[in-house]
Amino acid sequence: MESPTKEIEDFENNSLKYLQADQIEKIWLRLRGLLRCLVKQLERGEASVVDLKKNLEYAASVLESHVDTWSFDVFTLNDASGDHALKFIFYELLTRYDIINRFKIPVSALVSFVEALEVGYGKHRNPYHNLIHAADVTQTVHYLLLKTGMVHWLTELEIFAMLFAAAVHDYEHTGTTNNFHIQTRSDTAILYNDRAVQENHHVSAAYRLLQEDDEMNILYNLSKDDWRELRALVVEMVLATDMSCHFQQIKAMKNFLQQPEAIDKPKALSLLLHTADISHPAKNWNMHHRWTTSLLEEFFRQGDKEAELGLPFSPLCDRKSTMVAQSQIGFIDFIVEPTFTVLTDMIEKIVTPLIEEASPSGLAGFRRSSLNNIPSDSKRSTVRGTGSESGTSLNCSISAVDFKTFKSTWNEEVHKNREKWKAQAAKGINANIYTCT
Ligand code: CMP
Ligand code: MG
Ligand code: ZN
């Protein structure tokens, strides 16, 4: 077996940047083998911290060519990385936004923390609420920030808060719903008085990891003010992923958009995370179908427990009678599409003035506006290429923002997925008709 370091050197001599899609696919496959090899070495304790850092940076440079796409294949990354998709995505994005340097995050703490997150995501062996979902939501948040130009509205601290919140947002999920916790009077339900039971746990337990072990404390070098601001944002964003806030959240944002006032930043960031959290029905069919199958299996396992406990089945939890296709059409029509519509309107309201300010001067940068609490230029984020010495830079200029493409991308996927479910539902109905004599 060739050493990963040798492979990395070979690879770095062949810049990825100018490769065609099929060549990138080949490298993606090679990367899969390489990462598997690296993971084995790590498991055997053969890799040093220096190697580890180098290899992570290398993986980041490969990820760079994939991570900016809407239907990013997080499952392939997870297979390639030996079940470490969250580690690779989180590391890549914190590097990309220069968060590691800006907030002086010790790399060893970052690795320990994200590995601990991964362990927590695996605690209940959930088919859906696992580290792959966390990686998926984190990557989706990144896509939304970057491609819609929202990144230009945010400070580095706010970007850090968004990525951090996405990474921890379902930490130690039990694979059951809040209502199941409440009905079974679980310790967590009692602890949090039946309110946003799991969401409270996700943030609290993630912060406890940082607090109880300095070796994991990625927030160690933050100033008091930064620490507080980040925490306030993270708590608000993760609590707002509770689906019982959904309709209120959408209604409040719609109202907000009718008003002339500036949009409340924590509310805007919360909606962005919530949208990423329910975004799989707006991804390509393969992704969406796989996520749906996993989620339904998780719901059915809860149904099995409910049957054992003599409780009534929760919605979508009875494996014998749940109409999967219909449930998905309902989820798309009543939840996903309206959410994406409001998010898109919100982003247009936020980013359009930034584009207008930037365009007449033709400058790459743009002046600050008094609207919307835009931070001072010195605080506003800049997006670098990866920190992995590749020196590449992203096309993240405000003039590259293209709402039309963003809108049509998610709209088309939602439409195609709805049609596929409709076709499946029709088949199901026919089958019933034929068997029902
Ligand atoms: P969670 O990821 O904690 O937050 C968003 C929730 O939306 C998710 O848990 C599920 O409970 C729910 N959800 C996501 N996708 C679907 C879907 N396709 N069908 C029904 N519910 C979903
Ligand atoms: Mg959740
Ligand atoms: Zn989630």
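Scanning segment 174-192 for residues that are open to solvent by 20 Å² or more (accessible area, probe 1.4 Å), in contact (Cβ under 8 Å) with a residue 40 or more places away in the chain and within 15 Å of ligand 1 (Cβ to nearest atom) returns Thr174, Thr177, Asn178, Asn179, Phe180. Criterion first (open to solvent by 40 Å² or more (accessible area, probe 1.4 Å) and out of contact with any strand residue (DSSP E or B) (no Cβ under 9 Å at 6 or more places or on another chain)) does Asn217 satisfy it? Against the criterion (open to solvent by 40 Å² or more (accessible area, probe 1.4 Å) and out of contact with any strand residue (DSSP E or B) (no Cβ under 9 Å at 6 or more places or on another chain)), Asn217 does not qualify. Within segment 112-126, does at least one residue satisfy the condition of being more than 16 Å from ligand 2 (Cβ to nearest atom), surrounded by 24 or more Cβ atoms within 10 Å (Cβ to Cβ) and under 12 Å from the mean Cα position of the chain (by Cα)? No, the conditions are met nowhere in segment 112-126.
Please find, within segment 324-348, the residue that is nearest to Phe256 (Cα to Cα) out of those that are open to solvent by less than 10 Å² (accessible area, probe 1.4 Å) and within 16 Å of ligand 2 (Cβ to nearest atom). Filtering first and then ranking leaves Thr339.
Look through segment 302-322, keep the residues that are crowded, with 19+ Cβ neighbours inside 10 Å and in contact (Cβ under 8 Å) with a residue 24 or more places away in the chain, and return whichever of them is nearest to the chain's Cα centre (by Cα). Residue satisfying both the conditions and the ranking: Gln302. Among the residues of segment 127-137, those that are within 13 Å of ligand 2 (Cβ to nearest atom) and either charged (D, E, K, R) or part of a helix (DSSP H, G or I) (or both) comprise His133, Ala134, Asp136, Val137. Scanning segment 269-288 for residues that are assigned to a loop (DSSP other than H, G, I, E, B) and surrounded by fewer than 24 Cβ atoms within 10 Å (Cβ to Cβ) returns Ile278, Asn284. Taken over segment 127-143, the residue count meeting the criterion of being open to solvent by less than 10 Å² (accessible area, probe 1.4 Å) and more than 15 Å from ligand 3 (Cβ to nearest atom) is 1. For Leu257, the stated conditions do not hold, so it cannot be described as touching a helix residue (DSSP H, G or I) at 6+ places or on another chain (Cβ under 6 Å) and within 16 Å of ligand 2 (Cβ to nearest atom). If you check Arg231, Arg195, Arg208 for being within 16 Å of ligand 1 (Cβ to nearest atom) and of a type in the set (Lys, Arg), only one passes: Arg195.
Looking only at segment 272-292, filter to residues that are touching a residue at least 60 places away in the same chain (Cβ under 8 Å) and among the hydroxyl-bearing types (Ser, Thr, Tyr); which one of those is farthest from Asp242 (Cα to Cα)? Checking each candidate, the answer is Ser279. Within segment 402-416, residues that are within 20 Å of Ala325 (Cβ to Cβ) have Cβ atoms under 9 Å from residues that are outside any helix (DSSP H, G or I) and open to solvent by 30 Å² or more (accessible area, probe 1.4 Å) in these pairs: Glu413/Ser71; Glu413/Asn284; Lys416/Asn284, counting only partners at least 6 apart in sequence or on another chain.
The values are calculated or read from the model by the stated rules, or taken from the named source; none is laboratory data. Just so it is clear, the model here is predicted, and its values are computed rather than measured. Please note: Cβ atoms are built from the backbone with ideal geometry, for glycine as well, and neighbour counts cover all protein chains shown. Ligands, DNA and RNA are excluded from the accessible area calculation, which covers all protein heavy atoms including side chains. Shrake-Rupley method; radii C 1.70, N 1.55, O 1.52, S 1.80 Å.
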